[in-house]
Amino acid sequence: MTPAQLSDAVLRTARDGLGVVAGDDWVALRRAPHGRTGWATPIALRLAGPAGRPAAEVARVLRDGLLGLPGVRAVEVTGGAFLTIAVDDEGGLLADLLARPRPAPLPEDPARDAARWAEATGTAPGPGLLVQRDTNPLFRVRYAHARARAVTHGARALGVTPAPDATAYAPAERALLTLLGERPPARPARWLDRVARASAATGHGHAALPAGDEKPSAVHRARLALAQATGTVLADGLRQLGISAPDHM
C-alpha cells in the first residue's frame, strides 16, 4: 500500500465509520517518529469536532476500521489520539512513482520561475532566486531534478534497469524515500526543497551507477529506482507550481 492509497483509506474510514467527509490535508501522513516503522497521522484531532466525539474515541474508531484492510499490517493509537499505521510493501511507493507518466516540460523562463517560486513560498522575488548556486532553494530543487535525470540517462546507457527494493537503502536513502511518500497539505515548494536536500545527502543517486568494471547489482537497481522516483516527484511538483524542470544544468 502506497502512502496515497493509505491516505485514501483513512478518508474512507472516516466517512464510513464517523459520517464525516474530510479533506486530504486532514490526513497529513508523516513517518512514525522515534525510528518506528509505519506512518503517523493526527487526523483524529481534526475529526473530533465535526464528529462530535472525543479525539481518543475517534482514533479508536479509525483504528478498528483500518485494521483488516488489505495492505494494513497494524494500527496503534499513541499519545491519546495519534494513529500509527504499519503497511505492507514499502517498495510499492517506488513502483507507483516509476509508473507515473513524466509531466510535459515547460519552456525555461527564469523570471517566471523565480516569480512562481516566490509566490509559492510567500517570499519576495529578488535576484537571489536567479543565482545558480546551492544557496538558492529554487536552484537546489531544479538541480536535484537535473541530477536525477542525468542518473537515469547514464543508467540507460549502461543497460541498468530500476528495481524497487526498500530493504537495500542506507539511512540517507531511507530518509529520502520517507519524504517521497509524504503528501504535503501545504507549502509544497518547501517540501520540494526538503526532497532536494535529501537527494543531495544521497549524492543525488550517483551510487546507482556502476563504477569502472563494476557489474550492476541489485543495490544499483534499487538506488536507480529511488533516483528515478525522485526525479518524477520533483518534475511533477515543479510542473504544478508552473516552474520549468530542466534535464541539464
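Overview of values
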quantity: Amide H within-cut-off set for Arg73, under 5 Å, with H built and near neighbours excluded; calculated: Ala86, Val87, Asp88
quantity: Stretch in the chain that is longest and holds no GluC sites (Glu not before Pro) that DSSP places in a loop and that have at most 12 other beta carbons within 10 Å; calculated: 1-107
quantity: Average Cα contact separation per residue, the chain, under 8 Å, 6 or more apart, as relative contact order %; calculated: 22 percent
quantity: Largest-first ordering by accessible area, 1.4 Å probe, given options Thr202, Thr230; calculated: Thr202, Thr230
quantity: Per-q log10 I(q)/I(0), the chain, q = 0.10, 0.18 Å⁻¹ (Debye; single scatterer per alpha-carbon; no solvent); calculated: -0.54, -1.26
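The values are calculated or read from the model by the stated rules, or taken from the named source; none is laboratory data. Just so you know, these numbers come straight off a predicted model, no measurement behind them. With ideal geometry, Cβ positions are generated from the backbone for all residues, glycine too; neighbour counts draw on all protein chains shown. The protein model used for the area step is the full one, side chains on, heavy atoms only, and it has no ligands, DNA or RNA in it. Shrake-Rupley method; radii C 1.70, N 1.55, O 1.52, S 1.80 Å.
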